[in-house]
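Single-structure report; data block below.
Just so you know, all these numbers are worked out from the coordinates, no wet-lab data involved. The structure presented is a predicted model; accordingly, all values stated were derived computationally and were not measured. Using ideal geometry, Cβ is built from the backbone for each residue, glycine included, and neighbour counts are taken over all protein chains shown.
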Amino acid sequence: MESSLPKLEDLRGAAHGLMRLQDVYNLHVESLVRGHFQQISDPVDFYKLSVSDMLSGDDCFLVGKVAYDLEDYYHSVLWFEEAVRLFRGTEWSPENEGTLEDALDHLAFSHFKEIKNQLKTWITSPHRRCFFQADLNSKTGNISHALSLSRELLLHDPMNRRVHFNVEKYEKLLNENLPATSSGLTLKRPDGIYLRTRNAYEQLCQTKGSQPKHFENPSLFCDYFTNGSPALFLQPIRREIISLQPYVVLFHGFVTQAEAKNIRKYAMPGLRRSVVASGMNQATAEYRISKSAWLKESAHEVVGKLDQRITLVTGLNVQPPYAEYLQVVNYGIGGHYEPHFDHATSDSSPLYRLKTGNRVATIMIYLSPVQAGGSTAFIYANFSVPVVQNAALFWWNLHKNGQGNVDTLHAGCPVIVGNKWVANKWVHEYEQEFRRRCSLNPEE
Ligand SMILES: O=C(O)CCC(=O)C(=O)O
Ligand SMILES: [Fe+2]
């Protein structure tokens with residue numbers, strides 16, 4: 001049975017997922033652990049879980065440890081603080097990995113590390129029992145915090161020589177009256193992997209879907225759309241034009257509830273961790289956390305019917321190899337897909353293996369509702385689309401001249417609560433020459 005149980009990687013991934021929610025949505029850790037999603041800048045609940053399973057002190061300790069092991073003391077301070085608060089108020093359970101003493105120890109050391117740039121001294125690290133030299137390139141912090149936490153720890157563990165040693169060091173540093181020791185704690189979020197669009201992306205995720213206001217722009221409208229297909233005359237599709245540059249539309253009610261359910265069911269056994277293009281190959285990546293499976297239209301009737309509907313609505317040929325199989329994607333809590341292009345941006349991309357050109361268009365179907373989070377954000381175009389169950393989002397990735405449209409840079413925001421399912425159909429350039437003609441203007 002062991003293979004079906006979560007592994008260390010899953011546990012670490014869950015901790016990263018929580019820290020991702022904290023960062024992207026700017027959430028308070030204290031309310032997050034209670035299932036209340038409150039933004040630091042706004043005390044009103046962003047989302048509140050009706051059935052709330054609180055995180056325990058031990059859960060918070062674990063999240064803090066994941067950050068601590070990566071020397072990310074910004075997150076470790078915030079999560080160990082919560083662990084200490086919760087451990088103080090509860091009896092220790094034998095199932096716990098950590099104790100109040102461990103949490104105090106790690107919190108004190110994390111605080112200390114936040115001011116390491118002020119110090120040129122040696123101090124022992126709590127878990128390695130080795131000497132550690134504070135280096136010079138870090139942020140300000142608060143030594144007196146580290147001191148009072150270590151003193152509290154000594155009340156529980158009076159014989160701990162290492163902590164005695166640290167207390168002496170902290171007292172000495174305080175007496176030396178370094179400027180940083182008197183200043184308040186200024187925690188700064190680590191830059192992590194550099195993402196130029198980070199601020200815009202997080203803003204768009206936080207608005208929970210910020211489509212342009214249609215009444216302010218008459219060229220954005222809703223209509224009943226047939227695309228001139230006789231098959232759609234009796235039951236036109238409800239089309240909402242979301243953006244003209246890039247061209248993005250939402251087709252409401254694109255699938256039925258039953259179809260969405262069946263597609264999820266067929267995909268379930270084939271779900272594997274999602275990959276992204278990496279040079280000439282494919283690899284897992286932190287910036288895309290989800291599971292996905294490919295469904296062939298020949299294997300499932302409903303998938304074939306969906307292909308026909310895509311052709312009716314878009315006019316595109318989606319027969320293989322002119323489009324990829326249907327990719328069904330499942331995101332759990334904290335699952336996301338950071339800003340990216342669907343089309344290939346390098347000639348060596350594995351997307352060209354089909355030998356049918358680049359991905360000219362994307363049709364992404366929302367196969368489930370999501371309680372909170374999970375919008376699709378278009379970064380440069382500056383709007384985000386909330387998850388609309390059973391609707392399909394369509395956009396052209398390429399200009400008519402075949403070049404990639406940079407304005408299609410988009411992302412799947414992290415899921416706060418729920419389980420998000422989408423299905424992607426990527427249509428390639430070949431066979432669409434007379435369906436999406438090039439323009440007389442080579443710039444278009
Ligand atoms: O999940 C989303 O909203 C976006 C997904 C996406 O962009 C993709 O799978 O390529
Ligand atoms: Fe995408």
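Distance from the alpha carbon centroid of the range 1-48 to that of the range 337-403 works out to 26 angstrom.
Counting only alpha carbon atoms, the long axis of helix 57-69 and the longest principal axis of the chain meet at about 90°. Under 14 Å of direct C-alpha separation, and excluding same-chain neighbours fewer than eight residues apart, K291 reaches these aspartates and glutamates: D10. Of all aspartates and glutamates in the structure, the ones whose alpha carbon falls short of 14 Å from that of K188, not counting any fewer than 8 places away in one chain, are D23, E71, D72, E114. With a simple spin-label model that places each label point 7 Å from the Cα along the Cα-to-Cβ direction, the separation between S439 and S278 comes to 3.8 nm. The calculated P(r) of the chain, using every Cα pair and 10 Å bins from 0, goes 4, 18, 26, 21, 14, 10, 5, 1, 0 in percent. Phi angles across the range 429-435 convert, under the Karplus curve 6.51 cos²θ - 1.76 cosθ + 1.60 with θ = phi - 60°, into 3J(HN,Hα) values of 5, 5, 6, 9, 3, 9, 9 Hz, Gly and Pro given as x. Taken along its three principal axes, the alpha carbon spread of the range 209-428 comes to 42, 40, 38 Å, from the longest extent down to the shortest.
With helices as the sole contributors, the chain gives -9000 deg cm²/dmol at 222 nm; each DSSP H run of n ≥ 4 counts as -39500 (n - 2.57), and the sum is divided by every residue.
For the range 345-444, the C-alpha radius of gyration sits at 1.21 times the compact-globule guess of 2.2 N^0.38 Å, with N the residue count. Within the range 230-297, the trypsin sites (Lys or Arg not before Pro) that combine a DSSP coil assignment with at most 14 other C-beta atoms in a 10 angstrom radius are K296.
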